[in-house]
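Please treat every number below as a calculation from the coordinates, not as lab data. Remember, it's a predicted structure, so these values are computed and weren't measured experimentally. Please note: Cβ atoms are built from the backbone with ideal geometry, for glycine as well, and neighbour counts cover all protein chains shown.
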Amino acid sequence: MQLAAAAGARVIATAGGPEKVARCLEFGAAFAIDYRDVDFVDAVRDATNGVGVDLVFDGVGGEVGERSLRCVAHNGLYLIVGFASGIEAEEIATVAPRSLCFGNFSMGGVMLSYSSHASAVRAATGFNITPRRTADELHARLVGLLDDGAIAPVVGEVVAFSELPVALERMEQRATIGRVVVDLARPAGISDPGLRPA
C-alpha cells in the first residue's frame, strides 16, 4: 500500500474491521473499505464511478480473490501475490477461464523470491524465479524509499520463536496488522503488540 501510494497511485484498500481500515488510511490509502460492513465490490465500483481499478493486488486469494475479479477495469491487471486465506487455497483453482474472457483484463502472479542461479531454478522447476541482480536492484530502490521516508515497515507484533505457530495461525485468521517479527532471543510469554514503524 505504501509503495503504491509512493508511486503516485490512488489506493483503494479493503480491510476487516475499523482498526485495520484506519491503518490503511494512515499508510496511504485514499479510500479504505471495511469488507465486513459493506460489499467491497460495490464500494470499489462507487469509488471509481463504475469503471473499476487499473490494478488489483490480491494477497488473500480464495473467495475474496474471486470477488476481487469484479473490481478490475477494462484492460486492467489482476495480480496474485499471496494466499492469506490459507496456504491450501493456492492448490484450489477458484478462477474460471470465462471470468478472464468476459473481464477483458490480464492476470498474473508475482513472487519475489530470488536466486543467484535463476536459470538453473527455471530448468529444474519451470518457474520464473527473479535473478539475484534484479532483486539487488529492487532492494536498493526500497532502501532509497526508506531513507527518503516515503515508506516505513510496520511491525504489528514481535513474538518468541516458540510462539510462531500461534502467530502463523493469527495471520491466517487475518487477526494481525503489519509484520509479525520473530525474535529468536525473546523468551516466550513476553509479547510486544504495539504497532509502530520499524
| query | Among 34-47, 12-25, 121-134, how do they line up from the highest to the lowest mean number of other beta-carbon atoms within 10 Å? | reply | 12-25, 34-47, 121-134
| said: Among Glu63, Glu137, Glu163, which one shows the highest mean-square fluctuation when the chain is modelled as a Gaussian network with alpha-carbon springs under 10 Å? | reply: Glu137
| Which whole number in µm²/s is D for the chain by Stokes-Einstein, with the Kirkwood Rh taken over Cα pairs at 37 °C and 0.692 mPa s? | 175
| note | Residues whose built amide H sits under 5 Å from the amide H of Gly109, excluding neighbours closer than 5 in sequence, are Ile80
| note | For Ser115, the residues 5 or more places away or on another chain with a placed amide H closer than 5 Å to its own amide H are Thr130, Arg132
| query | Classify the range 113-170: rounded, prolate or oblate, from the alpha-carbon gyration tensor (a ≥ b ≥ c, eigenvalue square roots; a/c under 1.5 rounded; otherwise prolate if a/b is larger than b/c)? | reply | oblate
| message | Below 8 Å between Cα atoms, with a sequence gap of 6+, how large is the relative contact order for the chain in percent? | response | 13
| task | Measure out, as a whole number of angstrom, how far apart the alpha-carbon centroids of the range 158-178 and the range 1-50 sit. | result | 24
| Gyration tensor verdict on the range 99-198 (Cα atoms; rounded if a/c is under 1.5, prolate if a/b is larger than b/c, oblate otherwise) | prolate
| message | Taking amide H atoms as placed 1.01 Å from N in the peptide plane, list the residues 5 or more away in sequence, or in a different chain, whose amide H sits under 5 Å from that of Val155. | response | Arg179, Arg196, Ala198
